[in-house]
Amino acid sequence: MAIEVEKKYRVTAGRFGPLRRRLEEVGASGGGAAVFEENTIYTGPGLDPRRRVLRLRRKGESAVFTFKERDLSGSAVKRQREEETEVADASAMAAILEALGYTPVLVYEKRRETWRLGGVEVVLDELPFGLFVEIEGEEASILEAERLLDLGGTEAEHAPYPELTLRHGSEVRGVFEARFREPATEGN
């Protein structure tokens, strides 16, 4: 069983540029053009959107299917079970899920830059409802990266993206959506 450990922060637009520069200054690798993602969360037998979800993430021609089971603790550093696998055909996976009684309940789009810093992954996420930084790795490494990136005074965001989508998205034919207004282009 894989356990994901991460901490997420909501940041302002004015912090994104300085964060990129700081990542470069401290020797992080990666970055580059943000990758566009479409994330679909399913509901159905055995699922509870607050605790257990299935997600199909499309990134260009590739896709990743994920099961997440959240720990509902109030800690800023989140721990949750996460099992995921690459999927060769996202449309076929969606059809299989729907045939088994799982239906899309929400969709959110995201532009993500991925960086590696020591033993952690740092992502800069742009969603239609805000900008976020996530640091994933062992807790001590997360806190060290937080220090290196001067994020210590930045308030942690406790809500997962699906919950934020419910708060800030809009309902379209029974599915809550948070989509960018302009169409996605390759590399965005």
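In table form, for the structure just shown:
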| read-out | value |
| --- | --- |
| Helix-derived mean residue ellipticity, 222 nm - over the chain, DSSP H n ≥ 4, -39500 (n - 2.57), to 500 | -6500 deg cm²/dmol |
| Backbone HN-Hα couplings from phi across the range 11-24 [Karplus 6.51/-1.76/1.60, Hz, Gly and Pro as x] | 10, 8, 4, x, 8, 5, x, x, 5, 4, 4, 5, 4, 5 |
| Exposed-site-free run, longest, the chain (rule: chymotrypsin sites (Phe, Trp or Tyr not before Pro); DSSP loop; at most 16 other C-beta within 10 Å) | 1-128 |
| Point-to-point label distance, Arg173-Thr12, nm (Cα→Cβ direction, 7 Å offset) | 4.0 nm |
| Percentage relative contact order, the chain, counting C-alpha pairs under 8 Å, at least six apart | 29 percent |
| Built amide H within the under 5 Å cut-off of Glu157, gap 5+ | Lys8, Tyr9, Arg10 |
| Full-extension gain in nm, Ala92 to Glu69, via 0.36 nm per residue minus C-alpha separation | 5.9 nm |
| Under Karplus coefficients 6.51, -1.76 and 1.60, residue-wise ³J(HN,Hα) of the range 58-71 in Hz, glycine/proline x | 9, 9, x, 8, 9, 8, 10, 9, 9, 10, 10, 10, 7, 8 |
| For the chain: accessible area per residue (Å², 1.4 Å) | 52 Å² |
| Theoretical FRET efficiency, 1/(1+(r/R0)^6), r = Cβ-Cβ of Ala156 and Thr114, R0 22 Å, to 0.05 | 0.65 |
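The values are calculated or read from the model by the stated rules, or taken from the named source; none is laboratory data. If you're wondering where the values come from, they're calculated on a predicted model, not measured in any experiment. Here Cβ is always computed from backbone atoms with ideal geometry, including for glycine, and neighbour counts include all displayed protein chains. Side chains are part of the model used for accessible areas, which takes the heavy atoms of the whole protein and leaves out ligands, DNA and RNA. Shrake-Rupley method; radii C 1.70, N 1.55, O 1.52, S 1.80 Å.
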